[in-house]
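Data block below; observations after.
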Amino acid sequence: MSVDDSANRSANHSSANQGHVDSRSADQLYASEREVIERFSFDQQVVSVFPDMIRRSVPGYSSIIEMTGVLAARYAQPDTHLYDLGCSLGASSLAMAHLVRQRGCQIISVDNSEPMIERAQQLIDGATVATPTPITLHLADVQQFPLQMASVAVLNFTLQFIASENRDAVIERIAAALNPGGILLLSEKICFEDEQEDALQSDLHHAFKFNNGYSRLEISQKRTALEDYLQPETIEQHRQRLLKAGFKSVHVWFHCFNFMSLVAYR
Ligand code: GEK
């Protein structure tokens, strides 16, 4: 497919989705050929297209956000903290804020990208409907941010960006902060031990992106930008880490191609 073809495809996609995608915020960051592809970063450019980018790149993203609210509403305990770790623009925080009605809960949302936090604050300040549970945003690294008195913790597509050798510590700190009966929701891009399955699931993910209007060039350039940054693990690696950290049980509640979300019970 030529770059011109891909431009047509993106244009068709945009018009087909006029109800959802504001043309100013359509993700075209990797649409033109780049001489040098730098490592992906959550900078101002990414922030300006983020809702479109994540919805067209992560199978089931909208359902995962919606169910984050549903699960949080079930497991939130009165007078506790609900953490959204790697909150980006606060989609999971807002889903929880609308549905959690237990007395005295606070949503504490953390991200280490300054442009993300600034934009998230604008979106939360501009929300027209008051939420039953308040949200506070923090510019910080989830690896150091103090966690306590939690009933719900959310890591929606964040752990995958933390260096593999530091992931045990992140999960252990969350386990230590969660009250008995609390939960961790962990959503991740995953890989598969079996090489053939891994290649097939990755191919299906690329087909999903292509179907959402990304050209082969965009898919390939974004993949290169993420190569050393986003490091997926298998479901079994996640499960073993969670059990080792003290979670009682781990259930996968969403799985599509090489993306999954699980709930770990404390
Ligand atoms: C959503 N949860 O919309 N500390 C804090 N934030 C971090 C760190 C870190 N060490 N590393 C990465 N981030 C969101 C989507 S996006 C997923 C999460 C994606 C932040 C990073 O700045 C970015 O905002 C977020 O984690 C990952 O449900 O884009 O694939």
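The values are calculated or read from the model by the stated rules, or taken from the named source; none is laboratory data. On a predicted model such as this, the values are computed, not experimentally measured, just so you know. Cβ sites come from the backbone with ideal geometry, for glycine too, and all protein chains shown count toward neighbours. All accessible areas refer to the heavy atoms of the entire protein, side chains included, with ligands and DNA or RNA removed. Shrake-Rupley method; radii C 1.70, N 1.55, O 1.52, S 1.80 Å.
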Discussion item. Just to confirm a number: summing +1 for Lys and Arg and -1 for Asp and Glu over residues other than G182 whose beta-carbon lies under 12 angstrom from that of G182, what do you get?
Written reply: +3
Item to complete: Just read off the accessible area of D194 with the full protein assembly in place, 1.4 Å probe, to the nearest 10 Å².
Response: 80
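Using a probe of 1.4 angstrom, how much of the accessible area of the range 191-231 is carbon and sulfur, in percent?
On the way: 1010 of 2400 Å².
Of the solvent-accessible surface of the range 191-231, carbon and sulfur hold 42 percent.
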Item to complete: Would you mind checking the tilt of helix 216-226 against the longest principal axis of the Cα atoms of the chain, expressed as 0 to 90 degrees and rounded to 10?
Response: 40
Discussion item. Limiting things to C-alpha atoms, what are the Rg and the maximum Cα-Cα separation (Dmax) for the chain, in angstroms?
Written reply: 18.5, 56
Practice prompt. Run the quick spin-label model on L243 and S62: label points 7 Å from Cα toward the beta carbon, then report their separation in nm to one decimal.
Written response: 3.6
Worksheet, complete the sentence: Taking only the alpha-carbon positions of the range 53-194 as identical scatterers, the Debye log10 I(q)/I(0) at q = 0.11, 0.13, 0.19, 0.20 Å⁻¹ comes out as -0.37, -0.52, -1.16, -1.29
Item to complete: Could you work out which residue, out of L85, L200, L242, moves most in a Gaussian network model of the chain, that is, has the largest mean-square fluctuation with Cα springs under 10 Å?
Response: L200
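How much accessible area per residue does the range 191-231 have, counting only protein heavy atoms and a probe of 1.4 Å, in square angstrom?
Details: 2400 Å² over 41 residues.
About 58 Å² of surface per residue is accessible.
State the extension gain, in nm to one decimal, for the chain segment bounded by D194 and N179, taking 0.36 nm per residue of separation less the distance between their alpha-carbons.
Numbers: separation 15, 0.36 × 15 = 5.40 nm, distance 3.66 nm.
Answer, rounded to one decimal: 1.7 nm.
Given axes a ≥ b ≥ c from the Cα gyration tensor, I'd like to know whether the range 191-231 is rounded (a/c under 1.5), prolate (a/b larger than b/c) or oblate.
Working: a/c = 2.82, a/b = 1.27, b/c = 2.23.
Oblate is the answer for the range 191-231, as a/c is 1.5 or above yet b/c matches or exceeds a/b.
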Discussion item. Quick check: the distance between the Cα centres of the range 113-175 and the range 56-96, to the nearest angstrom?
Written reply: 10
Worksheet item: Tell me, what % of the accessible area of the range 104-163 is carbon and sulfur with a 1.4 angstrom probe?
Response: 51
